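The structure appears below as structure tokens.
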Amino acid sequence: MSPALALVLVFLLAPMVLVAHAEWASRRRRAFAELRRQPPCRMLSDDENAALAVVRALTGCAHDHQVRVVSGAFGNASLFGARAINHADLGEIAVLLPFDAWRHIATDNRAEVVLADGMALVVRLNGFHIVGAQRRAARTTAAEEAPFEPLVLRPRRHRVHSLAPSEVLGMRMENAAEVRLRRHRPPRWTGLLVALLALGAAAALHDDSPFWLQLLLCSPLLAIAALALWLARPRRHGPAAPQRVLQVRGRLADFALHPQHPPLWLIGSDRRIELPAEWLGSGHFVSGRCIRLDVRESDGVVLGAGPHWSRVEDHLHHPPSGALWPLAWLGMMLVVLLFGWTSSDLISDAGAARADAWRLWWLLALAITLWQPIRVVRRTRHALRRTALYSAALAERPPPAH
């Protein structure tokens, strides 16, 4: 089997997988819409709403206050474990099981849930109740940590169940530099060249074959051209208007929803934040430390932590290298060259003008392909130098404000 035929088969199987996934997702959306149309059995109590604050902080989901009933059997039972939140399917409804709700699962289940964005949060499940579960988790955390607290010299590792809510000290709007950092993603011109070369290789495959066969043979190249254009387009994250930035004080806590996933960071028990990875490596941002942060309200991104910690200043003095982009363009160009090599027989029988254009295409494609490894080496050296300088600068900074 030729490499070109293998790629064609791969691109034939991909739509089949996408169609099957779309059908599965459509059934889940219909089931969730039917549940939303179901009349609520009661309203969420204040105690239940307070107990769900931890779930809101960890997941970032905002739920309603109308309690509905779902019945049936759970799927994914083998994935349950002793975690703060477990994901499962109750029938065709995606649900979140907080605390130890998974221990109350039976063959036939009756759950009271509140609805969030595309999923349901369990409030009651058979003998489980969110208020009692949150209190049990807080008591268990206090009992586990109390014997060790007097012996520990470093800040104690707090769990989210025992944290106090964060305190909002003030509010401001994003400045121009913060808006530009959030929204400015310039176009990547190499991606446009890759797309044009892929379209040129697709045009070279034109012969006397039926149109559907030509389209089938060109589909991998068309997919690469579309992917390159999508990656090359300028990015704009969020609205152009400045967003609200909250000055928040509280105790940091890292929390793992799943052992195989990176931990989430909270400030207090009610606000999820996103800290720069380099700041976490500095040793100044540790679980249990009381800290004051400038947090963008819309997405929880930390913009500052006192006078010496600024995401904008760090990006200005230590910009990212983008060393992975040349690898992406190199992979795409290798596939384009493979299809160009299989099209050489068609071009050899064409006219002189078409043959000259094809030779020009080959020169340009080889030049762009060979330039990418050089860019990888240069950007990798820049990334290593940036990491060393940035780490040294972070080590010299005073601790963040508290």
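Taken together, the values in this text are just the output of simple stated rules run on the coordinates, not laboratory data. Since we're looking at a predicted model, the values are computed, not measured. Here Cβ is always computed from backbone atoms with ideal geometry, including for glycine, and neighbour counts include all displayed protein chains.
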For region 378-389, in residue order, the Karplus 3J(HN,Hα) values (coefficients 6.51, -1.76, 1.60; θ = phi - 60°; whole Hz; Gly and Pro = x) are 5, 6, 5, 4, 5, 5, 5, 5, 5, 4, 5, 5
Between ALA176 and THR107, what is the FRET efficiency for a Förster distance of 60 Å, r being their Cβ-Cβ separation, to the nearest 0.05? 0.50
The set of residues whose placed amide H lies less than 5 Å from the amide H of GLY91, leaving out same-chain residues fewer than 5 positions away, is ALA73, GLY75
If each residue's Cβ is checked for other Cβ atoms within 10 Å, how do GLU112, GLU167 rank with the fewest at the top? GLU167, GLU112
Show me, for region 177-184, the HN-Hα J-couplings you get by feeding each phi into the Karplus relation (A = 6.51, B = -1.76, C = 1.60, θ = phi - 60°), rounded to Hz, glycine and proline as x. 5, 5, 5, 5, 5, 6, 9, 7
Multiplying the sequence separation of VAL168 and HIS308 by 0.36 nm and subtracting their Cα-Cα distance, what value in nm do you get? 48.3 nm
Hey, can you grab everything whose amide H is under 5 Å from the amide H of SER166? Only 5+ residues off in sequence or another chain; H modelled, so Pro and N-termini drop out. SER269, ASP270, ARG271
Using the beta-carbon distance between GLU92 and GLU297 and R0 = 35 Å, what value does 1/(1 + (r/R0)^6) give for FRET efficiency, to the nearest 0.05? 0.55
I need the shape label for region 239-321. Rule: rounded when a/c is under 1.5, else prolate if a/b > b/c, else oblate, with a, b, c from the alpha carbon gyration tensor. rounded
Length gain on complete extension for the stretch LEU327 to VAL17, per 0.36 nm per residue less the alpha carbon to alpha carbon distance? 108.9 nm
Cα pair distances of region 42-135 binned at 5 Å [whole percent]: 3, 15, 30, 28, 19, 6, 0
In whole Hz, with x marking every Gly and Pro, tabulate ³J(HN,Hα) for region 357-365 from phi via Karplus 6.51 cos²θ - 1.76 cosθ + 1.60, θ = phi - 60°. 5, 5, 5, 5, 4, 5, 4, 5, 5
Students often check this: by mean Cβ neighbours within 10 Å, which of 61-70, 312-321 ranks highest, and how do the rest follow? 61-70, 312-321
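Using Cα-Cα distances under 8 Å and only pairs 6 or more residues apart, what relative contact order does region 42-135 have, in percent?
The value is 29 percent.
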Highest mean first, what order results for 117-126, 43-52 on Cβ atoms within 10 Å? 117-126, 43-52
Nonlocal amide H pairs with ARG292, under 5 Å, H built at 1.01 Å: ALA401, HIS402
